[in-house]
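What follows draws every value from the coordinates through simple rules; no lab data is involved. The shown structure was predicted, so the numbers you read here are calculated from the model rather than taken from an experiment. Methodologically, a virtual Cβ is constructed for each residue, glycine included, from the backbone with ideal geometry; neighbour enumeration extends over all protein chains shown.
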Amino acid sequence: MAAIATVPEVAPGPAASRPRPRRVRVWRGIVLGVAALYFLVPMAVSFWFTVHTEGKGLSLGAYTRILSTPGFVSSLLLSLGLAAATIVTVLLLTLPAMLAVRLGAPRLRPALELIATLPLVVPPITYVVGIGTALRGGTEALAATPFWATLIAVQDERFPVVLVLAYVVLTLPFAYRSLDAGLRVIDVRTLVEAARNLGASWPHVLLRVIVPNVRSAIASASFLTLALVLGEYTVAALLGYQTFPVWIVTVSGNDGQLSVALSIISLLLIWLLLLTLSGAGRKRQ
Amino acid sequence: MTATDGGTAARRGGRTRSTGWLAALPLLAFVALAFGIPAVALLLGAFTVRDPQSGLSSYSAANVAESLRGNYLATLLSSVRLSALVAVLGAVLGTFLAQAVVTSRLRALREAVLTASGVLANFGGVPLAFVWIATLGNSGVVTKIFGLGESGWSLYTFWGLVMVYMYFSAPLMVLVMTPALDGLRPQWREAAQNSGATAWQFWRHVGIPVLAPALLGGVVLLFGGAFAAYATAQAMVGSTVPLVTLQIADALTGDVLIGHENIALALSLDMIVIAILVMAVYLPLQRRSSRWLR
């Protein structure tokens, strides 16, 4: 905010050297023009592509067809279910760990930082290769033991827990960053000690003292996770599950207009999620 | 359970270290399970060769050696070249765009560009490919209007991919560079002007050195994004452009010779090594830039 306020101060500068402002304005116009062309044309053209059919004229058929296309509801529900499970798991795992680092075990901080960085370094496709290898090896090695049934259950097509595990790992960096930003601005130690001195139990401290104070951080971590899970293709496709993004590719073969319509909708969805995110951030300030 | 136990300990005065450990334990255990096991499986598998005749496996570096030869090496290099190009071009376009927005006095323009950048930086995968196919693909709207097909245009090439990847890379660079450019104090520019510096001298000796960490960090980020991208390339070019992610997916779904099944693992290992090398540049830089820009 302070930085924005300083921008107008540049204005007196050009008065000292007259030729600069016009030149600056020209290159700025060129850059903005090229960018607008590059970024807006594909969007506008794609929308045109979905509503216009040669010889038939304009219609919103591609958008109304989405609902009745087989697999839409089931794949979307699967993705939403996976997202919900991922959000709950990632919050339940990271929040206590981050509180622990702040309260009792500061020496764990480098370990947490590492955990929150690794998934950014490792490309998702190599992570799937690792998961696939581990699952295959595990199924072979554990065939005679009771763990085998667990391993099969984890890969259940109706609700693949293995995807939740993978998505939790992939979203850890984002959840960690959001929660870290939220916890940084409150005095965790004082809050916890005050609540504990007044006789609050640990669950009470966590749910009634900490969580309400980092509500917007939790909201932003959840939205980022939701966005990631709803858009994730690589892991689900290579492990062979029909999540929403995988379904989009499956139906694209038959109906080009439909798949582009779905792409535009997913763009709008990201925009909506982002709006909600910045709305949640702003409410707090 | 553990929470209540820890509570009693704390109430007795003095939190024991074991309590702190316990709350972090689930996360550590989870990562060891969900991340550690696949990582170990990948590492072991990459160095395992199974003899097709006897069915016995043995440890050897043959897979890794093969993944760094011939066709496999070519795909790896092609991926690196694509990512490097996208990173540099995206960084240039993104930085100029960020500078155009930062120096603009229109508040609405700034807000609009930053919001759009946030959306587009997250817009990847298959939908991105479809939007571009509808625009400039073989039967895309723009292709048809201008008759680009006859003049030899094809989106499904190396340069087509560069163009499409820029669609999320440049906005990401805008998001990286805007705070950095905001951190360039007007006073520095005024001081340079008062001392008789030209605009070029200002950028050469003040602006670019201060921005360098953010710039390089952004380039690394873009490189990583383009290097790891799979869905967009898969939906767009199939296998006409050699890329290591596509090669891994092919090898994974069984498109390899018998006895070479673990080549996907070796290629994955190569990718991770490259990613780590590149990230090793980024992390120290990030620390430096955060010290400068506050």
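Once whole DSSP H runs in chain B are found, which of them have Cα atoms spread over 20 Å or more along the helix axis and a mean Kyte-Doolittle score of at least -1.0?
Values: long enough: B:17-31 (21 Å, 1.25); B:70-102 (47 Å, 1.56); B:107-121 (21 Å, 0.84); B:158-182 (35 Å, 1.47); B:208-228 (29 Å, 2.10); B:263-292 (44 Å, 1.26).
In chain B, the long hydrophobic H runs are B:17-31, B:70-102, B:107-121, B:158-182, B:208-228, B:263-292.
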Could you tell me how far the Cα centroid of segment B:210-238 sits from the Cα centroid of segment A:164-206, in Å?
32 Å
Virtual paramagnetic centre 7 Å along Cα→Cβ of A:GLU157, amide N under 13 Å, in segment A:237-275
A:240-243
Distance histogram in 5 Å bins (all Cα pairs of chain A, percent per bin):
1, 5, 8, 10, 12, 12, 12, 11, 10, 8, 6, 3, 2, 1, 0, 0, 0
Residues of segment A:27-48 with the amide nitrogen closer than 12 Å to a label point 7 Å from the Cα of A:LEU58, along Cα-to-Cβ, please.
A:48
Got a sec? Charge dipole of segment B:62-292, +1 on Cβ for Lys and Arg, -1 for Asp and Glu; which of B:ALA180, B:ALA192, B:ILE248 is way out at the positive end?
B:ALA192
Inter-probe distance in nm under a simple model that places probes 7 Å from Cα toward Cβ, at B:ARG50 and A:THR276:
4.4 nm
Hey, what number do you get for chain B at 222 nm if only DSSP H runs of n ≥ 4 count, each worth -39500 (n - 2.57), divided across all residues, to the nearest 500?
-23000 deg cm²/dmol
Given Cβ point charges of +1 (Lys, Arg) and -1 (Asp, Glu) and nothing else, what value in debye, to the nearest 20, does the dipole of chain B about its Cα centre take?
1500 debye
Kindly put B:ILE145, A:ILE87 in sequence by how many other C-beta atoms sit within 10 Å of each C-beta, fewest to most.
B:ILE145, A:ILE87
Give me the percent relative contact order of chain B, please, defined on Cα pairs under 8 angstrom at least 6 residues apart.
28 percent
With label points set 7 Å from each Cα along the Cα-to-Cβ direction at B:LEU106 and A:ASN254, the distance between them in nm comes to 4.5 nm
Output wanted: per-residue J couplings in Hz (rounded whole) for segment A:221-237, from phi through Karplus 6.51 cos²θ - 1.76 cosθ + 1.60, θ = phi - 60°, x for Gly and Pro.
4, 5, 5, 4, 5, 4, 4, 5, 5, 5, x, 6, 10, 3, 5, 5, 5
Multiply the residue separation of A:VAL185 and A:LEU92 by 0.36 nm, subtract the distance between their alpha-carbon atoms, and state the gained length in nm to one decimal.
31.4 nm
Report, in deg cm²/dmol and to the nearest 500, the calculated mean residue ellipticity at 222 nm for chain A, where each DSSP H run with n ≥ 4 adds -39500 (n - 2.57) and the sum is divided by the residue count.
-25000 deg cm²/dmol
Largest fluctuation, B:GLY224, B:GLY160, B:GLY207 only, Gaussian network model of chain B with Cα springs under 10 angstrom, belongs to B:GLY207
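Please go through segment A:144-237 and write out the chymotrypsin sites (Phe, Trp or Tyr not before Pro) that DSSP classes as loop and that have at most 15 other C-beta atoms within 10 Å. Let's see the in-between values first.
On the way: sites: A:PHE147, A:TRP148, A:TYR167, A:PHE174, A:TYR176, A:PHE223, A:TYR233; in loops: A:TYR233.
Nothing satisfies the criteria.
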Computed over the protein assembly as shown, the ratio Rg/Rh where both radii use C-alpha atoms and Rh is Kirkwood:
0.99
For segment B:17-120, state which trypsin sites (Lys or Arg not before Pro) are in a DSSP loop and have at most 14 other beta carbons lying within 10 Å of their beta carbon.
B:ARG69, B:ARG105
Give me the dipole magnitude in Debye, nearest 20, for chain A about the Cα centre, with unit charges on the beta carbon: positive for Lys and Arg, negative for Asp and Glu.
1360 debye
With unit charges on the beta carbon (Lys/Arg positive, Asp/Glu negative), name the residue among B:ILE274, A:LEU273, A:VAL154 whose Cα is farthest towards the positive pole of the charge dipole of the protein assembly as shown.
A:LEU273
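Relative to the Cα centre, what is the charge dipole magnitude of segment B:110-227, using +1 at the beta carbon of each Lys and Arg, -1 at the beta carbon of each Asp and Glu, and rounding to the nearest 20 debye?
Using only the charged Cβ atoms, the result is roughly 140 debye.
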Two decimals, Cα atoms only, Kirkwood Rh: what is Rg/Rh over chain B?
1.09
Please compute the contact order of segment A:200-285 in relative form: average sequence separation of alpha-carbon pairs under 8 Å and at least six residues apart, divided by the residue count, as a percent.
35 percent
